[in-house]
Amino acid sequence: MAEKKRLIIALDGPAGAGKSTLAKEIALKLGYIYIDTGALYRTIAYLAIRKKIDLNSEKELTELALNTTVSLKYTPEGIEIKANGEDVSSKIRSREVSMGASKVSSFEGVRKALLDIQRNLGKNGGVVMDGRDIGTVIFPDADVKFFIDASVEERARRRLKDHIAQGEKTTLDALIEEIKKRDKDDSTRKHAPLKKAEDAIYIDTTGRNVSEIVDELLKYIEKKLCSQKTAKK
């Protein structure tokens, strides 16, 4: 019997749609590695803010990205992210860094600097990657592509819950406006804008529970695995 190929699975979509949660669950179910590509941009944004680098300076941000070594390690507690040896796992999850990451990721120089890192992480398959341009730029030939979406209000409610858990003060209305702005920035940026790949499967997570959606995604993935197995006979 032919061995099943370990797939490259891409989940793209806007902020707060549920990509990370779904990607982690799918990776766990399949025994794959989950790769949070957004953590790379968050790391550069965090370092830029700490070093007081102008977030509008592509030159300085690109230089920062080129001179930063980012590593991702998987532990029982979650993903450990280090920048030049410093553990920044929790530091990159703040509201300020989240908005900064959107700005940082808009620059071609930064994206090119991080492109090889992302491709090297997933080139051997057996990975579930989430981001904004996995299925369109990083791995346009990914075996299975999903575009995860949800209403702005739903995404804002999810983010509000996260911020409250982190002790950050904000309001639902403020988060709705932030998400609308980030959606516009991500989808209209010149380089690698957020968009659904033509062959991606669209999934709306509004009002749905995680286990239900995971089961749906796994059916598509299993179908792909079965079709590859049949093709090898």
Output for the chain (equivalent-ellipsoid semi-axes, sqrt of 5λ from the C-alpha gyration tensor, Å, descending) is 29, 21, 17
Quick calc, the chain, dipole around Cα centre from Cβ unit charges on Lys, Arg (+) and Asp, Glu (-), nearest 20 debye, gives 400
GluC sites (Glu not before Pro) in the stretch 45-153 lying in a DSSP loop, each with at most 10 other Cβ atoms within 10 Å of its Cβ, come to Glu77
Counting Lys and Arg as +1 and Asp and Glu as -1 over every other residue whose Cβ sits under 14 Å from the Cβ of Ala39, the net charge comes to +3
Normalised Cα Rg of the stretch 158-201, dividing by 2.2 N^0.38 Å with N its residue count, works out at 1.51
Expected vector for the stretch 167-183, Karplus 3J(HN,Hα) from phi with 6.51, -1.76, 1.60 and θ = phi - 60°, integer Hz, x for Gly and Pro, equals x, 8, 8, 6, 10, 4, 4, 5, 5, 4, 5, 5, 5, 4, 5, 5, 4
With the label point 7 Å along the Cα-to-beta-carbon line of Thr171 and a cut-off under 19 Å to each amide N, the hits in the stretch 76-97 are 95-96
Cα extents of the stretch 132-171 along the principal axes, largest first, in whole Å, come to 41, 19, 13
HN-Hα couplings for the stretch 132-144 via Karplus (6.51, -1.76, 1.60; θ = phi - 60°), in whole Hz with x for Gly/Pro, come out as 10, 9, 5, x, 9, 10, 5, 10, x, 9, 3, 5, 9
From the Cα centre of the stretch 129-208 to that of the stretch 1-63, the distance in Å is 12
A 1.4 Å probe over the protein heavy atoms gives the chain a carbon and sulfur accessible-area percentage of 50
Residue by residue through the stretch 218-228, the couplings from Karplus 6.51 cos²θ - 1.76 cosθ + 1.60 with θ = phi - 60°, in Hz, x for Gly and Pro, are 5, 5, 5, 5, 5, 4, 5, 4, 5, 5, 5
Rg (one decimal) and Dmax (whole number) from the Cα set of the stretch 46-123, in Å, equal 12.6, 37
With every protein chain kept in place and a 1.4 Å probe, the residues Ser187, Ser105 fall, from largest accessible area down, as Ser187, Ser105
As a Kirkwood estimate from alpha-carbon pairs, the stretch 105-233 has a hydrodynamic radius in angstrom of 16.9
For the chain, dividing by residue count, accessible area per residue (probe 1.4 Å) in Å² works out to 52
Here Rg/Rh (Cα, Kirkwood) for the stretch 172-233 equals 1.15
Per the rule of 0.36 nm per residue minus the C-alpha distance, extending Arg119 to Glu216 adds in nm 32.3 nm
With the 8 Å Cα cutoff and a minimum separation of six or more residues, the chain has a relative contact order in percent of 33
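The values are calculated or read from the model by the stated rules, or taken from the named source; none is laboratory data. In this text, all values refer to a predicted model and were calculated from it rather than measured experimentally. Backbone-built Cβ (ideal geometry, glycine too); neighbour counts: all protein chains shown. In case anyone asks, the SASA skips ligands and DNA or RNA and just uses the protein heavy atoms, side chains included. Shrake-Rupley method; radii C 1.70, N 1.55, O 1.52, S 1.80 Å.
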